[in-house]
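Here's the structure we're looking at; comments come further down.
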Amino acid sequence: MLATRLKRARKAANLSLRGAADRVDVSHSAIKKYEDSKNVPNSTQLIKLAKAYGVRTEYFFRPINITLSGVEFRKRPGATKKLLRKIEAEVLEQVERWQELVNLYPIFPIKSFTLPTSLPKYITKLDEIEKIAEQLRKQWELGNNPMADFVDTLETLGIWVLFTDIENEEKFDGLMAYHNKQAIIVVSSNWTGDRQRFTLAHELGHLLLHDRLDEKIDEEKACNRFASAFLLPQSALYQHFGETIRNVELRELYLLKQEFGLSMSACLFRLHDTGLMSLTILKSHFRQFKKKGWHQHEPGEPIPAEKSFLFKQMVYRALAEGWSTESKAAELLNMPLSHFHQERKLEVVDAAFD
Ligand SMILES: [Zn+2]
């Protein structure tokens, strides 16, 4: 057990055997032996390893019972195995902490996400996704306005949203998986808010649409359509633009982006997908976007990154009810006990640990 966890923590820290050896000042073959259960590190070495891997020593002794299923990577071609392993290790580590937190509760107050019964069994046209998105917004009482805090919305629906620190340039576009029956969506904390939101909505699309699509429909396309329809509903667009437009000003796209947290290019597609704008106009805008490099970096203020508060809130909830000790709470939040104690008493309120 210890061996597996040592290896998992090293992978999550993205260190090779040699890289780890350099940091803890033992040979790489010694570390390999720990990971192969051929030798056991003493407590001093364990503390050093924990420090090098950025985990608390308790991590090495947590029982492993976590597996993921139905993993759906939005990886681009060329994503390396190493990257995928790092993501998987990071995700497993966070899922374990979530599960441990849930287990502290006699009854966890937030129910796991379940598929709405209103979903059609079979979808034959992409356009049907518009109606599904509108219907779900209604059913989940989200109204027609922009969703200010999308992570919070998903968490309230019972989805665990996890953040990795995968760099913006890496070939990773988000992930959806199940742990038992618990739905999980993973995005990077380094992305802009619009990229995070689109990915979250896209992965929600996989959750909802998987196994319901006609074989003629590409699931990736369907999930993109769902994402943009869910974030910027057709009826909201019609309210704003009427039912047809000749053209759109760039500044209008920029304002729409700021309002709905959807990239300008996604807004352009949206105008075409909903039948408001012709394909010719769409294409001419995209030529312009490419020329200006806006297909990669859009101008102006980026949408602020999404934040998640639920995990920490539930750790404190457990503490308040006496279901968690202070040291368990600190462990779950991956924080030194002394720092946690100060944070708990509001003696430290810095954002660095939020
Ligand atoms: Zn996908």
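The values are calculated or read from the model by the stated rules, or taken from the named source; none is laboratory data. Note that this is a predicted model, so its numbers are computed, not measured. Cβ coordinates were reconstructed from backbone atoms using ideal geometry, including for glycine residues, and neighbour counts include every protein chain displayed.
For the stretch 187-203, name all the residues that are among the hydrophobic types (A, V, I, L, M, F, W, C) and out of contact with any helix residue (DSSP H, G or I) (no Cβ under 7 Å at 6 or more places or on another chain). It would help to see each step written out before you state the result.
Going through the stretch 187-203, the residues among the hydrophobic types (A, V, I, L, M, F, W, C) turn out to be 187, 191, 198, 200-201.
Trp191 - this is the single residue of the stretch 187-203 that is among the hydrophobic types (A, V, I, L, M, F, W, C) and out of contact with any helix residue (DSSP H, G or I) (no Cβ under 7 Å at 6 or more places or on another chain).
Could you count how many residues in the stretch 211-236 are more than 11 Å from the ligand (Cβ to nearest atom), touching a residue at least 60 places away in the same chain (Cβ under 8 Å) and closer than 23 Å to Lys171 by Cα?
Within the stretch 211-236, residues that are more than 11 Å from the ligand (Cβ to nearest atom), touching a residue at least 60 places away in the same chain (Cβ under 8 Å) and closer than 23 Å to Lys171 by Cα number 1.
Mind listing whichever residues of the stretch 219-275 are touching a strand residue (DSSP E or B) at 6+ places or on another chain (Cβ under 7 Å) and of a type in the set (Asp, Glu)?
The one that is touching a strand residue (DSSP E or B) at 6+ places or on another chain (Cβ under 7 Å) and of a type in the set (Asp, Glu): Glu219.
Quick grid of which residues meet (1) away from the ligand (no atom under 16 Å from the Cβ); (2) hydrophobic (A, V, I, L, M, F, W, C); (3) over 28 Å from His295 (Cβ atoms):
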site: Leu126; (1), (2), (3): no, yes, no
site: Ile129; (1), (2), (3): no, yes, no
site: Asp152; (1), (2), (3): yes, no, yes
site: Trp160; (1), (2), (3): yes, yes, yes
site: Asn168; (1), (2), (3): yes, no, no
site: Asp173; (1), (2), (3): no, no, no
site: Ala183; (1), (2), (3): no, yes, yes
site: His202; (1), (2), (3): no, no, no
site: Leu209; (1), (2), (3): no, yes, no
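Sort out which residues of the stretch 307-320 are at pLDDT below 95 and farther than 19 Å from Glu93 by Cβ, and write them in order of number.
Within the stretch 307-320, Lys307, Phe309 qualify.
What is the number of the single condition among (1) more than 16 Å from the ligand (Cβ to nearest atom); (2) closer than 25 Å to Lys121 by Cβ; (3) not β-branched (Val, Ile, Thr) that Lys290 does not meet?
Lys290 satisfies every listed condition except (2).
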